[in-house]
1. Would the range 226-245 turn up any residue that is closer than 29 Å to A55 by Cα and away from the ligand (no atom under 16 Å from the Cβ)?
2. Consider V52 against the criteria (1) in contact with a Ser or Thr (Cβ under 7 Å, 6 or more places away or on another chain); (2) β-branched (V, I, T); (3) within 16 Å of the ligand (Cβ to nearest atom): it satisfies all of them except one. Which criterion is unmet?
3. One residue is enough: does the range 146-157 have a residue meeting the conditions open to solvent by 30 Å² or more (accessible area, probe 1.4 Å), more than 16 Å from the ligand (Cβ to nearest atom) and in contact with a helix residue (DSSP H, G or I) (Cβ under 6 Å, 6 or more places away or on another chain)?
4. Hey, among G141, G128, which residue is open to solvent by 10 Å² or more (accessible area, probe 1.4 Å), more than 13 Å from the ligand (Cβ to nearest atom) and either touching a residue at least 40 places away in the same chain (Cβ under 8 Å) or not in a helix (DSSP H, G or I) (or both)?
5. Return yes when P342 is in a loop (DSSP other than H, G, I, E, B), under 20 Å from E211 (Cβ atoms) and not basic (K, R) and no when it is not.
6. Quick one: would you say L329 is more than 20 Å from N113 (Cβ to Cβ), among the hydrophobic types (A, V, I, L, M, F, W, C) and away from the ligand (no atom under 16 Å from the Cβ)?
7. What are the residues in the range 370-407 that are open to solvent by 40 Å² or more (accessible area, probe 1.4 Å), closer than 15 Å to A205 by Cβ and in a helix (DSSP H, G or I), if any?
8. Name the pairs whose Cβ atoms lie under 8 Å apart, with the first residue in the range 258-270 and in contact (Cβ under 8 Å) with a residue 60 or more places away in the chain and assigned by TED's automatic domain parsing to the domain that holds L310, the second open to solvent by 10 Å² or more (accessible area, probe 1.4 Å) and of a type in the set (F, W, Y), and 6 or more positions between them or separate chains?
Amino acid sequence: MNHERSRALYDRALSVTPGGVNSSVRATMPHPFFIERGDGGHVIDADGNRYVDWAMGYGPLLYGHDVPEPVEAAIQSTVSEGPMYGAPTEIEVEHAEFVARHVPSVEQIRFVNSGTEATVSAVRLARGYTGRDKIVVMQGGYHGAQESTLVEGAAGDASPSTAGIPEEFAQHTLPIPFNDPEAAHEVFEEHGDDIAGVLVEPILANKGIVEPVDGYHETLRDLCDDHGSLLVFDEVITGFRVGGLQCAQGKFGVTPDVTTFGKIVGGGFPVGAIGGKAEIIEQFTPSGNVFQSGTFSGHPVTMAAGHEYLKYAAKHDVYEHVNDLGQRLRDGIRDICEDQAPEYTVVGTDSLFKTVFTRDGERPKNGADVARADTERWERVFWQEMKDRGIFLTANQFESQFVSYAHTEEDVEETLDAYAESI
Ligand SMILES: *Cc1c(COP(=O)(O)O)cnc(C)c1O
């Protein structure tokens, strides 16, 4: 496989951008391939190499790279009318109505421009609404590049996980292990009166994919109710992917007070959103006193793309298709692992899939279990083996992979063949 142009582009990029990329996860080794264009479930790189794409923009691209005709038409006409205004448009209202109609927890919603912005605003909202400072998060959970959640360590002993964040931020964040009801009870026993909210991904999907054990989210729901804290589901990845249009909260039957969205809800354009009970969401300015604002928020092109995305999914077999291929991938990879690497674990649900290079074949229950896997192998060996066979996976052991409506059974077969040779 020739990578001459990608290498030359990366060389140029290194001179003018830190690490040669605009998001750290993209800096694959020894250098990333630069994308020229997408084609259905595939991408073609700058040297003309073709790959089956399971990274799918790290989550947003429910339809792959060729969007259905109504989505394309809505994007084109919105752009041609003028991209944005700084005044409200009808499409924002329609998109908000659609989300409120389908997602159990959402009565009102505020659209923003990234998942990070959504979780930053949700944390501020929880603090403003309750008048408390502390936020409970899961070890190994991910909520974007925000000050309050980039922490490591345990409740009462957390510190920032990156340079550039004052220690004081971490003092207000209480990380606990996912799927451990006892740890949740303990943190509420100790800090209950100071806890503004629990911020949790319904499925950890940025740490190898860890699903909740039965009853875990119900425990969090009860603890929040008992202590007057808000339960905040970060559905930036799971929203409109797991559980279809009801999202993961519908699938699990647990209704949070607040939900953060991103990725799919913007139809492939930059997006985030914070939804929930009207009484809570109304605390945002201008109806309330928790400041929230954004030049590009509710961007008409994003709203049009996101709205047509979801409307199309409501009328077609989108979730059946992606979930069915997801199941075939998980089953197929599981068979390969049974033969060739019984210590590995295949994880995921609906249209999410990943193989965790566990050392004992035990299904991970929390972030620490995933961290104990042979994580280096993914980026140093496996990712490249797959890439050389024309399969584009997410760049490290922790990020999920995604099936799109454009993927086919042939893509699955080709991918399973490559897994069998690379695993
Ligand atoms: C991707 C992601 C984010 C951050 O979203 P950005 O748009 O990258 O800022 C936050 N939370 C979860 C669960 C995510 O998967």
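The values are calculated or read from the model by the stated rules, or taken from the named source; none is laboratory data. What you see is a predicted model; the values in this text were computed from it and never measured. Here Cβ is always computed from backbone atoms with ideal geometry, including for glycine, and neighbour counts include all displayed protein chains. Just the protein is used for accessible areas: all its heavy atoms, side chains included, with ligands, DNA and RNA removed. Shrake-Rupley method; radii C 1.70, N 1.55, O 1.52, S 1.80 Å.
1. Here is the first cut: in the range 226-245, the ones closer than 29 Å to A55 by Cα are 232-245.
Of the ones still in play, those that are also away from the ligand (no atom under 16 Å from the Cβ) are 244-245.
Yes - at least one qualifying residue is present in the range 226-245.
2. Single failed check for V52: (3).
3. Going residue by residue through the range 146-157, those that are open to solvent by 30 Å² or more (accessible area, probe 1.4 Å) are 147, 150, 152-157.
From the residues that got through so far, the ones that are more than 16 Å from the ligand (Cβ to nearest atom) too are 152-157.
Then drop every residue that is not in contact with a helix residue (DSSP H, G or I) (Cβ under 6 Å, 6 or more places away or on another chain), which leaves 155.
Among the residues of the range 146-157, at least one is open to solvent by 30 Å² or more (accessible area, probe 1.4 Å), more than 16 Å from the ligand (Cβ to nearest atom) and in contact with a helix residue (DSSP H, G or I) (Cβ under 6 Å, 6 or more places away or on another chain), which makes the answer yes.
4. Matching residue, one of G141, G128: G128.
5. no
6. So L329 fits the description; yes.
7. Passing the criteria: none in range.
8. Qualifying pairs under 8 Å: K263/Y58; P270/F296.
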